Amino acid sequence: FMEHIFAGEMVPGEAINESDLAKKFNVSSTVVREFLIRFSRFGLIEKKPNKHWILNGFTRGFAEELFTVREMFEHRAFLQFLGAGPDEHRKAIGLKSEHTLLLQNMERDFLQFPRLDEKFHRIWIDGSGNRFVRDFFALVSLIFHYHYRWNKIDEMERNTIAAEQHLKIIAALETGDFKKTEAAFLDHLAHAKESLVASVSWDAARQPIATV
C-alpha cells in the first residue's frame with residue numbers, strides 16, 4: 001500500500017478509492033476496507049463521512065508528534081533493557097559484527113541498513129513486553145523504513161552515521177557503563193529526529209520551508 005502511495009506521487013487531500021485498490025491488489029473490497037480501517041489508526045489516512053478515504057499525508061506536525069511519543073516510549077523501553085541483565089545485553093552486542101560488516105561495505109549495501117536498524121531497536125522494543133509500545137513501533141518502522149516522501153540524495157550518509165551510532169551504543173554497553181550507554185542512545189534518537197525532519201520532502205502547499 002505504501003509503495004502504491006509512493007508510485008502514484010499522491011498528495012495530501014487526495015482521495016483513496018476502495019474499488020480502485022481492490023482491482024489493483026486483486027482482493028475484495030471488504031479486504032481493502034478492513035485494511036484501511038486498521039491503517040487509519042496511524043493518522044496518515046482518514047475516512048470522511050459519506051466520502052472516500054482521504055490521504056492526510058506526512059506533515060511536519062505529524063513528525064513532531066511521532067517523535068514526542070517515540071522518545072517517551074523507546075527511552076523507557078531502553079532503560080528497561082539496560083536493567084534486564086547480561087542475557088538481554090548480549091542480543092544487542094551480538095549485532096556488532098553485522099554493523100561492522102555493513103559499514104565496511106556501506107557504499108554497496110547501504111540499502112540493507114533499514115532492516116538491521118529495525119532488528120537492533122526491536123531488541124528493547126519487544127523486550128519491553130508492552131503491546132502498545134510494540135504497536136507504536138510499527139508506525140515508526142513504517143515511516144523510517146518506507147521513507148514516506150523521502151529524499152534519497154544523502155541516504156548512504158545518513159545510514160552510515162546511524163550505523164556508527166549503533167556501534168557506539170554497543171561499545172558503551174560492553175563496558176558496563178550504563179550512563180554512557182544511555183547517553184549514546186539518546187544521541188542516536190536525537191539524530192534520527194534531525195534526519196527525518198531534514199530529509200522528508202514536505203509539500204510546498206503544507207510547509208513551505210526551504211531547508212527541510
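The values are calculated or read from the model by the stated rules, or taken from the named source; none is laboratory data. Bear in mind that the values here come from a model prediction, so they are computed numbers and not experimental data. Using ideal geometry, Cβ is built from the backbone for each residue, glycine included, and neighbour counts are taken over all protein chains shown. Accessible surface areas use protein heavy atoms only, side chains included; no ligands, DNA or RNA. Shrake-Rupley method; radii C 1.70, N 1.55, O 1.52, S 1.80 Å.
Counting Lys and Arg as +1 and Asp and Glu as -1, each charge on the Cβ, what is the dipole of the chain about the Cα centre in debye, to the nearest 20? Write down the numbers at each step before the final one.
Numbers: 28 positive and 30 negative charges, 123 e Å.
It comes to approximately 600 debye.
At 0.36 nm per residue, minus the direct Cα-Cα distance, what do Ile161 and Arg90 gain on full extension? Give it in nm, one decimal, please.
Working: separation 71, 0.36 × 71 = 25.56 nm, distance 2.26 nm.
Answer, rounded to one decimal: 23.3 nm.
Using just the helices of the chain, give the 222 nm mean residue ellipticity in deg cm²/dmol: DSSP H runs with n ≥ 4 each add -39,500 (n - 2.57), and the total is spread over all residues, rounded to 500.
Working: 11 runs with 143 residues, N = 212.
Helices in the chain give a 222 nm mean residue ellipticity of -21500 deg cm²/dmol.
With labels modelled as points extended 7 Å from the Cα through the Cβ direction, what inter-label distance (nm, one decimal) is found for Thr30 paired with His4?
Each label point is offset 7 Å from its Cα along the Cβ direction, giving 1.8 nm.
Packing-wise, with mean Cβ within 10 Å as the measure, how do 188-196, 25-33 rank, highest first? Write down the numbers at each step before the final one.
Numbers: 188-196: 16.9, 25-33: 13.0.
Descending mean neighbour count gives 188-196, 25-33.
For the pair Arg134/Arg38, report the inter-label distance in nm, with labels modelled 7 Å from Cα in the Cβ direction.
For the pair Arg134/Arg38, the computed spacing is 1.4 nm.
Given bins 5 angstrom wide, list per bin the percent of all Cα-Cα distances in the stretch 1-95, short to long.
Pairs per bin, as whole percents: 2, 11, 16, 17, 12, 8, 10, 10, 8, 4, 1, 0.
Using 0.36 nm per residue, how much length does the chain from Glu174 to Asp154 gain when fully extended, once their Cα-Cα distance is taken away? Show your work: numbers first, answer last.
Details: separation 20, 0.36 × 20 = 7.20 nm, distance 3.07 nm.
Here the segment from Glu174 to Asp154 would lengthen by 4.1 nm.
State the percentage of accessible surface on the stretch 1-121 attributable to carbon and sulfur atoms; use a 1.4 Å probe and exclude ligands, DNA and RNA.
Values: 3750 of 7170 Å².
About 52 percent, which is the carbon plus sulfur part of the accessible surface.
With 22 Å as the limit, write out which pairs from Lys47/Lys193; Lys24/Lys47; Lys96/Lys180; Lys119/Lys168; Lys47/Lys119 have Cα-Cα distances beyond it, or answer none. Kindly include the intermediate steps, with their values, before the conclusion.
Values: Lys47/Lys193 29 Å; Lys24/Lys47 20 Å; Lys96/Lys180 17 Å; Lys119/Lys168 16 Å; Lys47/Lys119 33 Å.
In this structure, Lys47/Lys193; Lys47/Lys119 lie more than 22 Å apart at Cα.
Please report the base-10 log of the normalised intensity I(q)/I(0) for the stretch 25-180, using a Debye sum with one equal scatterer per alpha carbon and no solvent, at each q in 0.17, 0.21 (1/Å).
Normalising to I(0) and taking log10 leaves -1.12, -1.40.
Quick one: order Ile153, Ile5, Ile37 from most to least accessible surface, probe 1.4 Å. Before the final figure, lay out each step's value.
Numbers: Ile153 155, Ile5 5, Ile37 100 Å².
My answer, sorted largest first, is Ile153, Ile37, Ile5.
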